[in-house]
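Here the structure comes first, spelled out in structure tokens, and everything after it is commentary.
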Amino acid sequence: MSRALPAPMVQNLTSNAVGDLIVMLDLTLKSGTEYVWSGIGSISWNGHTYRGVGSLGSVGDIKEGIDVKADGTTVSLSGIDPTILQECLDDIQLGAPVTIWLGLLTNGQVSTAYPMYKGTVDRPNVPITPDTLTITLALENRMLNMQRPTMRRYTSADQNYYFPTDCGFVHVESLADCALIWGA
């Protein structure tokens, strides 16, 4: 599937006055949504203030191919104070939405951005070394949900669990024992 970049981004990339490419991350946690970007300081875009993590943050490879499969990626934050490690891990919400943006920074302002990856938080990994403490979050593609079996059944009881007044499946159970003769 071809991807179309926003017209302002294409225009800036093809002109001589190219801005800086940046990566921005919208990460939903239990305490709220965190907005971070790949530079230093704070920038505003889309009504949110993104805090810079500089070289302390990194994003894994983002793959896309012609096969229908759910490729994931990772995001990492290093330089975490060991005294707040447990607080950080408690704030991670599995299944929470994540968006990774490719932005164009022109004159200190985000002129346009493109969503490179949308997915959900899968699991944290905390490799601890004597020098650094890093939290790496595995992100899974939303397409992964297509591979999971549904736990719903086409029965009246299952339908009434979610919609108590609906009687659309009331005759489904009786169809299981019904002998139908075709063409009689």
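The values are calculated or read from the model by the stated rules, or taken from the named source; none is laboratory data. Since we're looking at a predicted model, the values are computed, not measured. In this analysis, Cβ positions are derived from the backbone assuming ideal geometry, glycine residues included, and neighbour counts consider all displayed protein chains.
Residue 150 meets all of the listed conditions (1) within 30 Å of residue 52 (Cα to Cα); (2) surrounded by fewer than 11 Cβ atoms within 10 Å (Cβ to Cβ) but one, namely (1).
So how many residues does region 153-169 have that are surrounded by fewer than 12 Cβ atoms within 10 Å (Cβ to Cβ) and either assigned by TED's automatic domain parsing to the domain that holds residue 71 or among the β-branched types (Val, Ile, Thr) (or both)? Outline the logic, then answer.
Filtering region 153-169 for residues surrounded by fewer than 12 Cβ atoms within 10 Å (Cβ to Cβ) gives 154, 157, 161-168.
If we keep only those that are either assigned by TED's automatic domain parsing to the domain that holds residue 71 or among the β-branched types (Val, Ile, Thr) (or both) too, we end up with 165.
Total satisfying the criteria: 1.
Does any residue of region 49-64 turn out to be of a type in the set (Asp, Glu), at pLDDT below 75 and farther than 23 Å from residue 108 by Cα? Scanning region 49-64 turns up at least one residue that is of a type in the set (Asp, Glu), at pLDDT below 75 and farther than 23 Å from residue 108 by Cα. Among residues of region 167-184 that are closer than 22 Å to residue 153 by Cβ, those with a Cβ under 7 angstrom from a residue that is assigned to a loop (DSSP other than H, G, I, E, B) and at pLDDT below 85, sequence gap 6+ or separate chain, pair up as 169/154; 172/154. Residues that are within 16 Å of the chain's Cα centre (by Cα), under 24 Å from residue 129 (Cβ atoms) and assigned to a strand (DSSP E or B) do occur in region 75-85.
Can residue 176 be described as within 30 Å of residue 9 (Cα to Cα) and aliphatic (A, V, I, L, M)?
Working: within 30 Å of residue 9 (Cα to Cα): no; aliphatic (A, V, I, L, M): yes.
No; evaluated as a whole, the condition is false for this residue.
Within region 12-49, the residues that satisfy the criterion of being part of a strand (DSSP E or B), touching a residue at least 60 places away in the same chain (Cβ under 8 Å) and surrounded by 15 or more Cβ atoms within 10 Å (Cβ to Cβ) are 22, 23, 24, 25, 26, 27, 28, 37, 43, 45.
Looking at residue 158, is it in a helix (DSSP H, G or I) and over 30 Å from residue 9 (Cβ atoms)?
Values: in a helix (DSSP H, G or I): yes; over 30 Å from residue 9 (Cβ atoms): yes.
In short, yes.
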